[in-house]
Amino acid sequence: MKQWRKSLLIGASTLLTVMLAACSSAPGGGNGSGSAGNGASGSSGGGELTVAGVVFQEDQFMKLLSIGYEDAAKAAGVKILTSNTGNDQGKEAELINTYVAQKVNGIAIAPLNQESSIAALQRADEQGVKVAVTNISLSNAPFIVGGFTSDNQNIGQITGKEAAAYIKDKLGGKAKIAIIQYKSLLPEQSTARYTGFVEEVKKENPDVEIVADQDAWIQDKAVAVTGDVLTAHPDVDIIWAANEGGTIGAVMAVKNAGKAGKIKVFGTDASDQLISMLKADDDVLQAITGQDPYTMGYKAMELLIKQVKGEDVSASKGKTEIVDGILLSRSNPDGIAKFEADLKAKMGK
């Protein structure tokens, strides 16, 4: 029995020695691979960098923005987490705080508000999490790495010029216009688009009249609200909507009211559904101004990753760069086709 115990101890000792020798010879001293980076310091320390990409609602614009985030992260070999705040300021702050707690290296985000979103983002920066913004120009955020957005007043102006030409050529310079916007959701953006549109229309046609101005940025709500507007103002000639959901809803409401061919819709943003409406034989939707959310997302994430990798991005610190929009008009089918092909390629269709 004693001899058996002695042999067992010798065998165990030999096995332990072999295991220790194997561990000491493994690459990296046995620490493994794919571990998280060293917190939110911006230095990977040999680990994996992780960034977050945040949008605020489920529509094609925001999906393209998120795809831009993802493609830039993939190109840089960086892990990305994506999320949606659902148009909820409280959830936005909660998500930012969660990412800080998870020690991501940076956040690229489409903030909900120029003022109320800043506090949570600034706290993230103070914790070492770098921040880049999209789809908005923050008025007091010198801490951001940089940002990319559209000029919302210019977006309104582009569509406004097209509508102004239509009113002058087809309606003799006079029209009654209904407005569908989203000022109770994002007042700065919606107001800027509204101002740009109305200024351009009235510059060319001073006798136009704004007979209704309602909020409805989600498609189903816009159908109902626009329908009510058409009931209250049956003599409306033109409807302008400030975003994708509002534009789709306005077109559907005109058709539901049996006024296709009588009321023309001009809108904002670009998507598969809007492009189909722009090409439809019903002649309701006349023109939209499409943004480039993919480029916004890609450039913001690209800039953010440069920062967390320690590259010099001081020239962009606290600044927001404008990404140009594009007019898509029923009168230019070749332009629509080119835009549509590019959109489908980016969506992976």
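The values are calculated or read from the model by the stated rules, or taken from the named source; none is laboratory data. From a predicted model like this one, the values you see are computed outputs, not experimental measurements. Reconstructed Cβ throughout: ideal geometry from the backbone, glycine too, with neighbour counts over all protein chains shown. With ligands, DNA and RNA removed, areas are computed over all heavy atoms of the protein, side chains included. Shrake-Rupley method; radii C 1.70, N 1.55, O 1.52, S 1.80 Å.
Okay, here's what the table says:
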quantity: Unmet criterion (only one of (1) outside any loop (DSSP other than H, G, I, E, B); (2) under 18 Å from ILE155 (Cβ atoms)) for TRP217; calculated: (1)
quantity: Hits in the range 87-123 - residues which are basic (Lys, Arg) and over 24 Å from ILE218 (Cβ atoms); calculated: LYS103, ARG123
quantity: Of all residues making up the range 172-212, the number that are without any contact (Cβ under 8 Å) to a residue 24 or more places away in the chain and open to solvent by less than 30 Å² (accessible area, probe 1.4 Å); calculated: 0
quantity: Out of GLY53, GLY28, GLY34, sole residue that is in contact with a strand residue (DSSP E or B) (Cβ under 8 Å, 6 or more places away or on another chain) and either at pLDDT below 50 or among the aromatic types (Phe, Trp, Tyr) (or both); calculated: GLY34
quantity: Residue in the range 327-344 that is open to solvent by 10 Å² or more (accessible area, probe 1.4 Å), touching a strand residue (DSSP E or B) at 6+ places or on another chain (Cβ under 8 Å) and at positive phi present; calculated: no
quantity: Test: residue in the range 213-235 that is buried (at least 20 other Cβ atoms within 10 Å of the Cβ), closer than 23 Å to SER150 by Cα and among the acidic types (Asp, Glu); calculated: no
quantity: Sole exception among (1) within 18 Å of the chain's Cα centre (by Cα); (2) surrounded by 18 or more Cβ atoms within 10 Å (Cβ to Cβ); (3) among the charged types (D, E, K, R) for ASP324, by number; calculated: (2)
quantity: Residue selected from the range 269-288 under the condition at pLDDT 95 or above and among the β-branched types (Val, Ile, Thr), by the criterion nearest to VAL129 (Cα to Cα); calculated: ILE288
quantity: Selection from the range 260-273 of residues that are outside any strand (DSSP E or B) and surrounded by fewer than 22 Cβ atoms within 10 Å (Cβ to Cβ); calculated: GLY261, LYS262, SER271, ASP272, GLN273
quantity: Candidate set from the range 159-171 (those that are over 12 Å from VAL198 (Cα atoms) and touching a helix residue (DSSP H, G or I) at 6+ places or on another chain (Cβ under 9 Å)); member that is most open to solvent (accessible area, probe 1.4 Å); calculated: LYS168
quantity: ALA257 being in contact with a Gly (Cβ under 8 Å, 6 or more places away or on another chain), hydrophobic (A, V, I, L, M, F, W, C), surrounded by fewer than 21 Cβ atoms within 10 Å (Cβ to Cβ) and within 21 Å of ALA175 (Cβ to Cβ); calculated: yes
quantity: Residues (touching a helix residue (DSSP H, G or I) at 6+ places or on another chain (Cβ under 9 Å), in contact (Cβ under 8 Å) with a residue 60 or more places away in the chain and open to solvent by 50 Å² or more (accessible area, probe 1.4 Å)) located in the range 76-129; calculated: GLN127
quantity: Residues that are in a helix (DSSP H, G or I) and crowded, with 24+ Cβ neighbours inside 10 Å, drawn from the range 142-156; calculated: ASN152, ILE155, GLY156
quantity: Condition check for TYR194: over 24 Å from MET62 (Cα atoms) and aromatic (Phe, Trp, Tyr); calculated: no
quantity: Residue match in the range 280-297 (condition: in contact with a helix residue (DSSP H, G or I) (Cβ under 9 Å, 6 or more places away or on another chain), open to solvent by 50 Å² or more (accessible area, probe 1.4 Å) and in a helix (DSSP H, G or I)); calculated: no
